[in-house]
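Below is one structure, written out as structure tokens; the observations come after it.
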Amino acid sequence: MRRPLLPLLGLALAWIMLAASVIFLLAPLVVTVGVSLSPSPVFQLPQGELSWRWYARVGRLEGLLPAVLLSLQVAAFATAASLVLGTLAAIAVVRGQFPGREAIATFLVSPLMLPGLVIGLAMLQYFRALGLREALPSLLLAHVIIVLPYVMRTLVAGLALFDFALIDAARTLGLSYPRAVLRVMVPVLAPSFITGGLFGFLASFDNYPISIFLTDVYHRTLPIQLLQYLGESPDPTIAAVSTLIIALTLLVLFIGDRMVGLSRMAGV
Amino acid sequence: MGAHLDIRGVSKRFRQSTVLDDLSLSVGQGEFLSLLGPSGCGKTTLLRILAGLLAPDAGRVTLAGQDLGRLPAHRRNVGVVFQNYALFPHLTVAGNVGFGLRARGVARAQIEARVSELLEMVRLAPLAGRAITQLSGGQQQRVAMARALAVNPALILLDEPLSALDRKLRETMQVELRALLRQLGMTAIFVTHDQEEALALSDRIAVMNAGRIEQLATPEDIYSRPATPFVLDFVGQSTLLHGVVVEAAEGFLTLHTAAGPVRAVGHFARGARVLAAVRPERIAPGPASDAAWTGITLPLQAQTFLGSRRLLHGRLPAGDRALVEVPPETEISGDALPIRWRVSDTLVYPVPEVA
């Protein structure tokens, strides 16, 4: 029997689209890695031999290490704070009986849907109005807003499937309520915590549009510092830094895959 | 001998509705007592109060001489088998069974010994290392039992533990569960809405309705001498005939019903409105031959063949119904069948004036 032509064409088209999307998504990363390994002092893909010279210069970039440390600190603090606040908020939303629960859940996830610029500008004005002019606390607070939606989203989904009878069971077996939460709910929901935490951490780590409003000369997060390098002295050192960040991200995703499974991380 | 578990005047309200209404109940050491009732009768609420997962508004509970008072769930020595088992999905079978012992800080070697002893008891020893999700429903039920029993509780509460299983497995598990608890001499409270299960397992049954105990008695008494029309209706089937007392003398009654005169034992005034009931297996085909028997002629509507028996349904006015159980090989022909039962088998209940 001959297969009809049209579905075959459709299938071929779908495969082409898929391949094109993958290429489109991966090409910039490949180019960045390539440029970082090129000996040429301008942005150019390596022709022939490779060189590590730009990586050697990474360590000598002025202000890079403080920027990396600041970004890591901010992301770590925001993730930790969001995991605690997000868990409590998610429990209230899933278990509570008060009116407006859905609205609150949507509101807490809404920063994901708002342009970062709007949030950044709003934060700046709000903090100024409150008299908060320090860069660091402003950044920390703002980044909690960045991370919280990721944590909320995965935890609400995780808690909706969580059987709270497990906590009752742990209590009748001899654990106080707080210990039951710690020994049963936390391990059972570990995938949600890890997923929400990782994505939130990455979102904070590479946030530009919100941070730009809240940083000062002494407190520059990594993305802002990178963009400044690009303006001042555009050489492939930036590509080397970017490649290191890509490697770090791959490592994080690998750990996440080992602990939770990539499909579960992407699915929630 | 004092009661092992003593419940005195326990009440619980949720918002406007009274879920438990001044309920009292005593359970002896080693007794298997069922709380039987429809959903919403308060049986699960009572169970949660006993487990310490819910605080009563009033009343007191004593277990083995100790006032449980406001003692939180984790300080009571009360095991619970939950309806959906509530097994910990992140732990293995052995991890689940040993959970209570670890929570109590028992030494590792002792935990291991006790866990294997219990897994042996519920015949799951080869599955000790399995994940919970790899178990069948019946195996999960046994893990839940073993987990609750591991800490050697003074009382075990079972919240419809067999309702998730299919019928055949449920019957096997009933026998197993009863034998296990009897072997351990465990005092058990079993919550169920399944009257057959309650009749099959219990030493005593408390039939609950609207936050109260309607009747507390042995399965035999609950079935053959239901104290109220609610118990009669909830447990088993019966022929129901509404009627009026036309004659009352020396403890014998004659009732006028739509199906004809019916005789019964009891004390009611003449003219009282009553409900007469007879269990299906008490009725036999044939005319009432002497004074010990009473009977009616039943217009037949339908019959259902149930394998081991045959049920005959009579055609009666609305509100009344007739059910007769006969051996399966009985040939029934014709539109009407004379039936009879012993006068002492007629159950009579007063009918409230305004219905």
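Observations on the structure shown:
- In this structure, residue B:150 does satisfy being within 20 Å of residue B:75 (Cα to Cα) and in contact with a helix residue (DSSP H, G or I) (Cβ under 6 Å, 6 or more places away or on another chain).
- The stretch B:1-39, subset without any contact (Cβ under 8 Å) to a residue 60 or more places away in the chain and not in a strand (DSSP E or B), residue nearest to residue B:194 (Cα to Cα): B:3
- Of all residues making up the stretch B:159-175, the number that are away from every other protein chain (no Cβ under 12 Å) and in contact (Cβ under 8 Å) with a residue 40 or more places away in the chain: 4
- Here the strands (runs of 3 or more DSSP E) wholly within the stretch B:175-293 that include at least 1 residues being of a type in the set (Phe, Trp, Tyr) and crowded, with 21+ Cβ neighbours inside 10 Å are B:188-192.
- For the stretch B:40-86, a residue qualifies if it is more than 13 Å from chain A (Cβ to nearest Cβ), among the polar types (S, T, N, Q) and open to solvent by 40 Å² or more (accessible area, probe 1.4 Å), and exactly one does: B:66.
- Unmet criterion (only one of (1) at pLDDT below 90; (2) within 14 Å of chain B (Cβ to nearest Cβ)) for residue A:135: (2)
- Qualifying residue in the stretch B:107-114 (condition: more than 8 Å from chain A (Cβ to nearest Cβ) and not in a helix (DSSP H, G or I)): yes
- Wholly within the stretch A:195-268, helices (runs of 4 or more DSSP H) carrying at least 3 residues that are free of Cβ contacts under 8 Å to residues at least 12 places away in the same chain and open to solvent by 70 Å² or more (accessible area, probe 1.4 Å): A:237-259, A:262-267
- Scanning the stretch A:90-121 for residues that are free of Cβ contacts under 8 Å to residues at least 24 places away in the same chain and part of a helix (DSSP H, G or I) turns up A:92, A:101, A:102, A:103, A:104, A:106, A:107, A:118.
- When the stretch A:146-173 is limited to residues that are surrounded by fewer than 21 Cβ atoms within 10 Å (Cβ to Cβ) and away from every other protein chain (no Cβ under 14 Å), the one that is farthest from the chain's Cα centre (by Cα) turns out to be A:160.
- Consider the stretch A:35-54 and keep the residues that are among the aromatic types (Phe, Trp, Tyr) and closer than 10 Å to residue A:239 by Cβ. The one that is most open to solvent (accessible area, probe 1.4 Å) is A:43.
- Residues of the stretch A:55-68 satisfying the condition of being of a type outside the set (Gly, Ala, Ser) and open to solvent by less than 90 Å² (accessible area, probe 1.4 Å): A:55, A:58, A:61, A:64, A:66, A:68
- Exactly one residue among B:331, B:325 is acidic (Asp, Glu), open to solvent by 40 Å² or more (accessible area, probe 1.4 Å) and under 23 Å from residue B:220 (Cα atoms), and that residue is B:325.
- Just one of the numbered conditions (1) at pLDDT 90 or above; (2) open to solvent by 50 Å² or more (accessible area, probe 1.4 Å) is not true of residue B:303: (1).
- Per-region count, the stretch B:143-164, residues open to solvent by less than 10 Å² (accessible area, probe 1.4 Å) and not in a loop (DSSP other than H, G, I, E, B): 12
- Residue match in the stretch B:325-338 (condition: in contact with a Leu (Cβ under 9 Å, 6 or more places away or on another chain), among the aliphatic types (A, V, I, L, M) and modelled with pLDDT of 90 or more): no
- Scope the stretch A:182-194; condition surrounded by fewer than 19 Cβ atoms within 10 Å (Cβ to Cβ), among the hydrophobic types (A, V, I, L, M, F, W, C) and more than 9 Å from every other protein chain (Cβ to nearest Cβ); matching residues: A:182, A:186, A:194
- Residue within the stretch B:87-96 that is within 14 Å of chain A (Cβ to nearest Cβ) and in a helix (DSSP H, G or I) present: yes
- Within the stretch A:35-71, tally of residues that are farther than 28 Å from residue A:211 by Cβ and outside any loop (DSSP other than H, G, I, E, B): 2
- Subset of the stretch B:199-255 [more than 10 Å from the chain's Cα centre (by Cα) and of a type in the set (Phe, Trp, Tyr)]: B:223, B:230, B:252
The values are calculated or read from the model by the stated rules, or taken from the named source; none is laboratory data. The structure displayed is predicted, hence computed values, not measured ones. A quick note on method: Cβ atoms are made from the backbone with ideal geometry, for glycine too, and the neighbour counts reach across all protein chains shown. Just the protein is used for accessible areas: all its heavy atoms, side chains included, with ligands, DNA and RNA removed. Shrake-Rupley method; radii C 1.70, N 1.55, O 1.52, S 1.80 Å.
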